[in-house]
Each structure stands twice: as C-alpha cells, then as structure tokens.
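Note sheet for the following structure.
A short reminder: the numbers here are calculations on the coordinates, not readings from a lab. This is a predicted model, so every value here is computed, not measured. For neighbour counting, all protein chains shown are included, and Cβ atoms are generated from backbone atoms with ideal geometry for every residue, glycine included.
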Amino acid sequence: MRWVRVESSTLRGVAYDSDSSTLELEFSDGDRYRYFEVPEAVYSELLAADSKGNFFHTHVKGTYRFTKL
C-alpha cells in the first residue's frame, strides 16, 4: 500500500490497496482509519477532489465499514 500525502486541512495522507479494496486515511490529528470494500474509483476521485475533506464527508464517511488503526 503506497501512501500519498495530500493538501487538506482534514487529511494528511491516503493509501489504497486494490487487491483488498481497502482505503486507509490519516487525518490531520494523526488518527488513522481503514475503510473496507471501497471501489478504486472512489480512491481516485478522492485524490482528484478539490476538497478532500468534503469528499470524505460526502462519499466515504457513513458509507463504508471501517476500523480505527
């Protein structure tokens, strides 16, 4: 899984594993979460979004099962 640092007030970094469809997010406070069964298109759209935080709140949070790491 390759981490990508992002410019965002909400997120520090994003990683995706296409084999397991797992998205990992590191938030600005240092907390990390793993989201399951996330389509690769959602990962790509998150990276391309003008507001990573807004995209997260609209398309990821509350949509996918997750665990805090």
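Taken over the stretch 53-69, the criterion of being exposed (fewer than 12 other Cβ atoms within 10 Å of the Cβ) and among the hydroxyl-bearing types (Ser, Thr, Tyr) is satisfied by 67 alone. Selection of the stretch 7-26 for residues being surrounded by fewer than 18 Cβ atoms within 10 Å (Cβ to Cβ) and outside any strand (DSSP E or B) yields 7, 9, 10, 18, 19, 20, 21. Candidates in the stretch 32-66 are the residues that are acidic (Asp, Glu) and in a helix (DSSP H, G or I); of these, the one that is farthest from residue 7 (Cα to Cα) is 40. In the stretch 28-43, the residue that is surrounded by the most Cβ atoms within 10 Å (Cβ to Cβ) out of those that are within 14 Å of residue 68 (Cα to Cα) and over 9 Å from the mean Cα position of the chain (by Cα) is 32. So, residue 29, is that one of a type in the set (Asp, Glu), closer than 18 Å to residue 51 by Cα, without any contact (Cβ under 8 Å) to a residue 24 or more places away in the chain and not in a strand (DSSP E or B) or not? Yes: the conditions hold for residue 29. Could you say whether any residue in the stretch 44-52 is exposed (fewer than 12 other Cβ atoms within 10 Å of the Cβ), in contact with a Lys or Arg (Cβ under 7 Å, 6 or more places away or on another chain) and charged (D, E, K, R)? Looking through the stretch 44-52, none of the residues is exposed (fewer than 12 other Cβ atoms within 10 Å of the Cβ), in contact with a Lys or Arg (Cβ under 7 Å, 6 or more places away or on another chain) and charged (D, E, K, R).
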